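Worksheet: one structure, shown below.
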Amino acid sequence: MPWRSCPPGNKHRYAPLINLAVLEWNLSGDIEARIRLEHEGLEICREAYPDHVVGVCRDLAQLCLYVGWEGRAREYLAEGERYAHSRPILALEVAGMQAQLDGNLERLADVADRARGTDDPAVLDAVASRLVTAVTASGDAAGAARLFADQDAGGFTALATALALLALGETEEAERRVAAARDEDAEREFRLAWQAARYRVGGSPEDLETLCAMTSAGPRILPYFVPLSELPTSRPDLATYYPLEDVMRSGWREAAALRLAELPPLRVTALGEMTVEVLGERVEVSGRQRDLLALLLLGLGRRDLSAALWPEANPAKARNNLNVQLNELRRVIEPWGHRTYLFEDGLHNTEADLYRLRAALAAGRHDDVMSLYRRRFAPGAATDVVAEARTALEREVADSLVEAASCAPPRKAAAYLKRALELEPLNEDALQKLLALLVASGRRGEALRRYRWFAADLGEQLGLEPLPDTTRLVLRALPAGDQ
């Protein structure tokens, strides 16, 4: 049937679409075109050929994984599983892909056992190769190499087993098995897997270039086929296509240097606890490094830093100590060895709750002040400068809330004032405003209790009594005979 007689919307368009997608892929390696065509075919077969959905979703998921679109791959796999009843044998491949993505070895082994019981060697090969690959990745290369040692499970499984042997150091045997598995007439999926295995066992840059040239995605397919650690050290540019976290933690300085602009901010929590997140993971900062980080958050320069940390030391010794501690802190927050967050003039590209609190105070966003300042700044930091800053910040927050209460609705004003008194129990201005609100709203019992608590604390800590104005406010809460 001519292509023009199968316009969009015609269900008969499905078969030509899928055939064209596979043909173009095998001839040219145009991965984007195949994904586009197969997705159009999927939209047709959902309505007209539901028993084909599993196979199309399987193919689309694999293509997406080649180019690093794991989210889209998972969506296709989930859809394939919903249609599993229509093609239960093909659904084993979908289940195997999902189990491998999830790192669920137990489920993947179960799927492989079920695949052994089918009469479909292609399905067994697809699932078995995934199991061998996953077991190798788990650190049990010896176990992976034994899984199908007594069974010819197919070409993909032979390549996966060869790579398990490579992980065991049996390079010659791995090379022999890869060479034996060569099939120039195979479809492109297998030729990709074979070319990747050939590079991994031989390490030839020419083989790597050949692999990159086999699809329109170029080096984007490398993370699927080649571990980051097996890239040639002369090509840090290839690491651009690998997950940022893997590259930055790899110790490959040249590759890391190319990804610095992609790094997320350093995230520091300093109100109520001192925690630091690098690349989304918490790192340990304690002792002198914690003190140093607290001072950096406060914006101290190098001279003030050394004086704050070692007030009794001579300046030269203090400067030397500071350099040591700065380097130690850099090793924790910049393990890739390039300055990213900590520079000569302080912290850059850093998000901190302290910064957000200061911005909220400056902008008069009092609800944000309330939510951000739950506990004190930098607990555990032991320098006098931090202690003074902690007290000053607490006073600033309390003053801001007292000021905000003057123009807030009664319920919100009461919340502001109660929080201010939690921070400064002897803040008599805050107490007076709160007592007035409580009395006006008829909450006389609470007003009296708060006055008595305040009077007791004031007398115990300072030997003073409440001001007459404060007392007059609370007298309004008493019955006439008790005043």
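Among the polar types (S, T, N, Q), open to solvent by 30 Å² or more (accessible area, probe 1.4 Å) and assigned to a loop (DSSP other than H, G, I, E, B): does that describe residue 229? Against the criterion (among the polar types (S, T, N, Q), open to solvent by 30 Å² or more (accessible area, probe 1.4 Å) and assigned to a loop (DSSP other than H, G, I, E, B)), residue 229 does not qualify. Select from the range 243-299 the residues that are among the basic types (Lys, Arg) and touching a residue at least 60 places away in the same chain (Cβ under 8 Å) and write down the one among them that is surrounded by the fewest Cβ atoms within 10 Å (Cβ to Cβ). Ranking the candidates gives 253 first.
Looking at 199, 224, 242, just one residue is of a type in the set (Phe, Trp, Tyr) and farther than 26 Å from residue 58 by Cα, and that residue is 199. Inspection of the range 357-375 finds no residue satisfying the criterion of being open to solvent by less than 40 Å² (accessible area, probe 1.4 Å), more than 33 Å from the chain's Cα centre (by Cα) and of a type in the set (A, V, I, L, M, F, W, C). Within the range 412-424, not a single residue is more than 27 Å from residue 371 (Cα to Cα), out of contact with any Ser or Thr (no Cβ under 7 Å at 6 or more places or on another chain) and crowded, with 16+ Cβ neighbours inside 10 Å.
For the range 104-113, taking the residues that are open to solvent by 50 Å² or more (accessible area, probe 1.4 Å) and modelled with pLDDT of 95 or more, the one that is farthest from residue 151 (Cα to Cα) is identified as 104. Among the criteria (1) under 21 Å from the mean Cα position of the chain (by Cα); (2) under 26 Å from residue 371 (Cβ atoms); (3) part of a helix (DSSP H, G or I); (4) among the aliphatic types (A, V, I, L, M), the one residue 296 does not fulfil is (1).
Taking residue 379 as the residue in question, decide whether it is within 21 Å of residue 272 (Cβ to Cβ), in a loop (DSSP other than H, G, I, E, B) and under 31 Å from the mean Cα position of the chain (by Cα).
So residue 379 fits the description; yes.
Sort out which residues of the range 354-373 are out of contact with any strand residue (DSSP E or B) (no Cβ under 9 Å at 6 or more places or on another chain) and not in a helix (DSSP H, G or I), and write them in order of number. Matches in the range 354-373: 364, 365.
Results for (1) touching a Leu at 6+ places or on another chain (Cβ under 6 Å); (2) touching a residue at least 40 places away in the same chain (Cβ under 8 Å); (3) under 29 Å from residue 279 (Cα atoms); (4) not in a helix (DSSP H, G or I), shown as yes or no for each residue.
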{"position": "207", "(1), (2), (3), (4)": "no, no, no, no"}
{"position": "215", "(1), (2), (3), (4)": "no, yes, no, yes"}
{"position": "219", "(1), (2), (3), (4)": "yes, no, yes, no"}
{"position": "233", "(1), (2), (3), (4)": "no, no, yes, yes"}
{"position": "237", "(1), (2), (3), (4)": "no, no, yes, no"}
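When we screen 202, 218 for residues that are in contact with a Cys (Cβ under 7 Å, 6 or more places away or on another chain) and farther than 23 Å from residue 100 by Cα, the only hit is 218. Of all the numbered requirements in (1) within 19 Å of residue 274 (Cβ to Cβ); (2) over 24 Å from the mean Cα position of the chain (by Cα); (3) open to solvent by 80 Å² or more (accessible area, probe 1.4 Å); (4) not hydrophobic (A, V, I, L, M, F, W, C), residue 315 misses one, and that requirement is (1). Residue 70 meets the conditions (1) open to solvent by 20 Å² or more (accessible area, probe 1.4 Å); (2) farther than 30 Å from residue 243 by Cα in every case but one. The failed one is (2).
Of all positions in the range 431-449, none carries a residue that is of a type in the set (Val, Ile, Thr) and without any contact (Cβ under 8 Å) to a residue 24 or more places away in the chain.
The values are calculated or read from the model by the stated rules, or taken from the named source; none is laboratory data. Just so it is clear, the structure is predicted and the values come from calculations on it, not from any experiment. Please note: Cβ atoms are built from the backbone with ideal geometry, for glycine as well, and neighbour counts cover all protein chains shown. Surface areas here come from the heavy atoms of the whole protein model, side chains and all, with no ligands, DNA or RNA. Shrake-Rupley method; radii C 1.70, N 1.55, O 1.52, S 1.80 Å.
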